Amino acid sequence: MLYQKSFGKLNTKQAIALARMNPKAVLKGECPRLIDEWQKAPDIWNEIKDDLDNEYVFGKYILTGSSTPADKTEMHHSGAGRMAAVKMRPMSL
């Protein structure tokens, strides 16, 4: 995984495999924590929910990706009250 102080990117097969084996490790680092292509290891969503249940901080995590998870059955909750979606259009920044 491309990994920096506050940024993680699941951009290789190895990074995805590691994130699926230990999604909590992806959350380690400075906050706000940006995790790009998170949908390739959907259990990250569940770990974030648990972390925010223990210590809620608005904007603690930023999840980005080019698509939604292919298999939403791996996500055990909606994120209601903890997460908000932001629709971004191409060239919007």
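The table below lists the values:
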item: Potential extension, Lys28-Arg89 segment - 0.36 nm per residue separation minus Cα distance; result: 19.1 nm
item: Under 5 Å, built H, 5+ apart or other chain: amide partners of Tyr61; result: Arg33
item: Whole-Hz couplings from phi, Karplus 6.51/-1.76/1.60, listed for the range 47-60; x for Gly and Pro; result: 5, 5, 4, 5, 5, 6, 5, 7, 8, 6, 9, 4, x, 5
item: Per-pair calculated FRET efficiency, R0 = 22 Å: Arg20 and Ser66 via Cβ, rounded to 0.05; result: 0.75
item: Proximal lysines relative to Lys5, as straight alpha-carbon distance under 25 Å, when same-chain residues fewer than 8 apart are discounted; result: Lys13, Lys24, Lys28, Lys40, Lys49, Lys60
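Taken together, the values in this text are just the output of simple stated rules run on the coordinates, not laboratory data. These numbers come from a predicted model, not from an experiment. Because the Cβ atoms are built from the backbone with ideal geometry, glycine has one as well, and the counts that use them run over all protein chains shown.
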